[in-house]
Amino acid sequence: MEKRLVYLDHNATTPLHPEVKKTMREAMEVFGNPSSLHEFGRLARTLIESSRRGTALFINAVPEDLVFVGSGSEANNTILSIFSCCATRHCSCHSPMRTRMITTKIEHPCVLEASRCLAERGMTVDYLEVDGYGRINIDQLKDMLKAGGVGIVSVMMANNEIGTVQDIKAITGLVHAHGALMHTDAVQAVGKLPVDVKDLDVDFLSLSGHKIYGPKGIGAMYIKKGTPFCPFIRGGHQEQGRRAGTENTIGIAGLETAIEMRSLEMAAEAERLKGLKKILRDGIIQDIPDIRFNGHLENSLPGTLNVSFAGAEGEAILLYLDLEGIAVSTGSACASGSLDPSHVLLACGLPAEQAHSSIRISMGRDTTVEEVAYFLRVMPQVIKRIRGMSSAYGSAK
């Protein structure tokens, strides 16, 4: 069988859209500092404000509520630092009785690490449980909110490992009913699912360029008008004083085109990926025994499939597939250096051994039926080979 190169790790990052490449090449000629008042600076400022309008329109926000940052992780850390600043009375918008935060056990590492940092500073951080599909426990959220003192709730819209999508609108309604602020990490959702900040009514939202065929090093955060805000990076008046540092003009221009392409391609792509996902799922069921699919079957990202293969280490599967030219992941790219089992799968109730035997397949705009067929030809052989080397699996059978 001829070896092919097949990229099935789009949740980690995506290739630049051809139109984005063209835009960024053109933007390289616009070198002025956007804060300068001369023509060179004004040209750069024009690119930035055009992108702000286009990105805001895509999520039904007003341009003034959008702040460009360096990444989704920066956006998440900035938003959570606001809570720390306010709760510890370091700014005029503090609410001294609200020193509690609620998040979930399946958030991206940047949110979990920031939450742990807040706890070390004296904040109270409560973690919501999830069910076997990765959906939060709404009754537990209600109880936590009723206890009082909650300043902010952070729940990701779509999970990066298992693809499960939360009902952010319903969650936000509960959060606001108890006087708290609502943040959603929508890095995996924006550009894959319709996202409307006015309909969701969230106070904060994070997004990232490189997850939607845009450049790395650029993200944005939505901050609803009137919401308390303390800058995380200080030292300049950029972004209306909300994020110091000369703007990444080339990246911001690339983000605009990535967003524009998403508005044109997202709906049709989602339907196509759902079809490929069904082919992939049915093929795995047909040819490989002792498997488990993780995440919600219906309420999930259209191109994401997480599978556990009994008797096969996820890292071994990844490496054997890589030898065949196929790129997948064992979980979050930001946690790939860890040998610990996925915190997401453990939170969903999987035993550590089963969590260790899982891989994430995430498809994108360039994924073809032929690539999925190639994966389905290779995968049974890989699993059979790994299981054949596992005495534990053999004895269990």
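The values are calculated or read from the model by the stated rules, or taken from the named source; none is laboratory data. If you're wondering where the values come from, they're calculated on a predicted model, not measured in any experiment. When we count neighbours, we look across all protein chains shown, and the Cβ atoms used for this are built from the backbone with ideal geometry, even at glycine.
Points to keep in mind about this one:
- Any hit, the stretch 119-141, residues being among the charged types (D, E, K, R), under 24 Å from Ser71 (Cα atoms), in contact with a strand residue (DSSP E or B) (Cβ under 9 Å, 6 or more places away or on another chain) and in the same structural domain as Ile79 (by TED's automatic domain parsing): no
- Residue-level check: of (1) without any contact (Cβ under 8 Å) to a residue 60 or more places away in the chain; (2) not in a loop (DSSP other than H, G, I, E, B), Arg234 misses just (2).
- Test: residue in the stretch 182-195 that is of a type in the set (Lys, Arg), touching a Leu at 6+ places or on another chain (Cβ under 6 Å), at pLDDT 95 or above and not assigned by TED's automatic domain parsing to the domain that holds Ala270: yes
- Test: Asp139 is of a type in the set (D, E, K, R) and within 20 Å of the chain's Cα centre (by Cα): no
- Counting only residues that are closer than 26 Å to Asp196 by Cα and not in a helix (DSSP H, G or I), the stretch 28-85 holds 10 of them.
- Pick from the stretch 357-392, criterion under 19 Å from Ile162 (Cα atoms) and of a type in the set (Val, Ile, Thr), ranking: farthest from the chain's Cα centre (by Cα): Val372
- Taken over the stretch 201-222, the criterion of being surrounded by fewer than 24 Cβ atoms within 10 Å (Cβ to Cβ) and in contact with an Asp or Glu (Cβ under 8 Å, 6 or more places away or on another chain) is satisfied by no residue.
- So Asp290, is it in contact with a Gly (Cβ under 9 Å, 6 or more places away or on another chain), modelled with pLDDT of 95 or more and of a type in the set (D, E, K, R): yes
- Selection over the stretch 155-181 of residues that are assigned to a loop (DSSP other than H, G, I, E, B) and out of contact with any Leu (no Cβ under 6 Å at 6 or more places or on another chain) gives a count of 11.
- Identification of helices (runs of 4 or more DSSP H) wholly contained in the stretch 325-395 with 3 or more residues that are under 26 Å from Ala258 (Cβ atoms) and either in contact with a Pro (Cβ under 9 Å, 6 or more places away or on another chain) or at pLDDT 95 or above (or both) yields 369-388.
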